[in-house]
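Working notes, beginning with the structure itself.
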Amino acid sequence: MVWNKLRAHHAATADRRFETLLDAARAADFSATAGDMRLDYAKTNIDADARGLLFDLLDQTGVAAKRDAMFTGAPINDTEGRAVLHTALRNLDGGPVLVDGSDVMPAVLDTLDRMADFASAVRDGAYKGQGGKITDVVNIGIGGSDLGPAMAARALAPYHDGPRCHFVSNVDPADIAGVLRHCDPATTLVIVASKTFTTIETMTNARTAQAWMAQSVSDTGAQFAALSTAADKTAAFGIDPARIFGFADWVGGRYSLWGPIGLSLMIAIGPDAFRAFLRGAQAMDVHFRAADWYENLPALLAVVGIWHNQICGYPTRAVLPYDNNLSRLPAYLQQLEMESNGKGVAMDGSDLPVASGPVVWGEPGTNGQHAFYQLIHQGTGVVPCEFLVAARGHEDDLHHQHQLLVANCLAQSEALMRGRSLDEARAKIADKFTGEELDRQARHRVFTGNRPSVTIAYPQLTPFVLGQIIALYEHRVFVEGVVLGLNSYDQWGVELGKELATALQPVVEGSTGAEGKDASTAALVGFLRQNGV
Ligand code: F6P
């Protein structure tokens, strides 16, 4: 069995210092490119044998066939009976994509054109609010209806030439109040983004925005747009059908940025840049379908992830963009990876025989260096790191500062690998201490090293490159999900908390008692009610 062979291989090689494997041949062999993006995984303990076994895992679990099934509209999300076709949303130059025998592309491209017309009208002032040209756009959504556009709008800030864009997600009133405080209702467009149009946080915030706008705008519906699969519900909310942008249920929430859920991004950067973003993702789709495993970036990123989590047992994975505009990428990937693969049941209903995916976390460098890197370098656990870095920023006059950023990124992966021995640490402080004190002090300055990382490098964070990056991670999640044998496209694990919150609301409000609740919850309700909830 391949899993056992991989475990045995890991056990036999775990103590070796992988730095000793590294030469120019390995640097070339354990890296790959897609277009002008480069993935380097040479700074890991994966050798040619481990890689071969990992590829066996891809073959034995049928990744290639399942990949083709996904792209061609088979209902691979089988707990919800749906196809998984977010790739159709960026299939700008591709052929037909059939779902149940009919081509979905005409409707996809028609919606994209409608979005582009509306975005252009908002940007050039042909579409106005009651007070004139739109100055602010507020996207109200949560999860995939927020994280995608919010992450991408920040990532592409240098391309932003439309009205200001704001994102409201949390049901905490502090979120919406903090945004609306800076907007004028007469010149604000509110976009309600919700696949289902039932999500309680989004609908609550949408009604709050409606009431805010009604204070000074007579026809509030005229300054609302909706992005949803639920046409009946959007109409019931009073939004003009001309500003309702629909999509099909085969677009998962956390994969929906490429279609109507990307409207706020499109308004911010313009339809042409948005299309370039789609083309970047499409280029990664083409690469993922065509490249063999040795050259296939999503497959390689997936096998590195499986090696570190399921084989080595490292429970988390840090995503560390040395690209400040990617500051929301870790949060976006938390949903993409953890909502997709954080599952304990296999497709056939049996318990998952291996660990589900890792905890994903991170912050941009260099900020993280002055916060949590201490633990990454000297903590007792190993945190595999994923660095992202651009050759160039967008601030040409500050390029030397960008070079400093790049040097820091490369230094971190080098430091994680090399570490610092006791002898080296001693030599560093030999002028300050002697004898036992030198030893004691030196031990605090030892870095074990031998800590793995991968680096994704690209020329510049353009719309095209951002599209490549996001699609790369989407397909990585797909490959990992297939290998683990689970359904990456449902999210039943979010349901129980939603049901209990609905049941608890009257208890918190005091209209019903806490009978039937556990003693801890009842006591907390009591405390909060005494303190004014
Ligand atoms: O509760 C989880 C979830 O269903 C996510 O999968 C989704 O992205 C988010 O809620 C928002 O859902 P909707 O777009 O339907 O409001």
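The values are calculated or read from the model by the stated rules, or taken from the named source; none is laboratory data. All values reported here derive from a predicted model rather than from experimental measurement. In this analysis, Cβ positions are derived from the backbone assuming ideal geometry, glycine residues included, and neighbour counts consider all displayed protein chains. Ligands, DNA and RNA are stripped out before the accessible areas are found, and what is left, the full protein with its side chains, is counted by its heavy atoms. Shrake-Rupley method; radii C 1.70, N 1.55, O 1.52, S 1.80 Å.
A few comments on the model shown:
- When peptides 276-286, 462-472 are sorted by average Cβ neighbour count within 10 Å, with the highest value leading, the order is 462-472, 276-286.
- Förster-model FRET efficiency, 51 Å R0, residue 23 and residue 352, C-beta, rounded to 0.05: 0.85
- Cα long-axis angle, helix 48-60 against the chain (0 to 90 degrees, to the nearest 10): 40
- 21 Å Cα-Cα threshold exceeded, pairs from 133/233; 43/66; 343/498; 195/233: 133/233; 43/66
- Taking only alpha carbon atoms, the chain gives an Rg to Rh ratio of 1.00, where Rh is the Kirkwood radius.
- Ranked by how many other beta carbons lie within 10 Å on average, peptides 426-438, 314-326, 337-349 from highest: 314-326, 337-349, 426-438
- Principal-axis tilt of helix 200-214 within the chain, Cα atoms, nearest 10 degrees: 50
- Compactness relative to 2.2 N^0.38 Å, alpha carbon Rg of segment 345-402: 1.78
- Over segment 269-376, the ratio between the Cα radius of gyration and 2.2 N^0.38 Å evaluates to 1.28.
- With only the Cα atoms considered, segment 399-493 has a convex hull volume of 192 Å³ per residue.
- Counting Lys and Arg as +1 and Asp and Glu as -1 over every other residue whose Cβ lies under 13 Å from the Cβ of residue 337, the net charge comes to 0.
- Over segment 204-308, relative contact order from alpha-carbon pairs under 8 Å, at least 6 apart, %: 14
- Contact order normalised by residue count of the chain, Cα under 8 Å, 6+ apart, percent: 18
- Ratio of the Cα radius of gyration of segment 99-270 to 2.2 N^0.38 Å, where N counts its residues: 0.96
- Placing unit charges on the Cβ atoms of the charged side chains and taking the dipole of segment 15-115 about its Cα centre, the candidate lying farthest along the positive direction among 20, 97, 64 is 20.
- Average Cα contact separation per residue, segment 176-263, under 8 Å, 6 or more apart, as relative contact order %: 28
- Nonpolar atom fraction for the chain, defined as the carbon and sulfur part of the 1.4 Å probe accessible area, stands at 54 percent.
- Solvent exposure of the chain, expressed per residue, is 42 Å² of accessible area, with all protein chains present and a 1.4 angstrom probe.
- Overall shape of segment 473-533 was characterised from the C-alpha gyration tensor. The equivalent ellipsoid obtained from it has semi-axes of 39, 11, 10 Å, in decreasing order.
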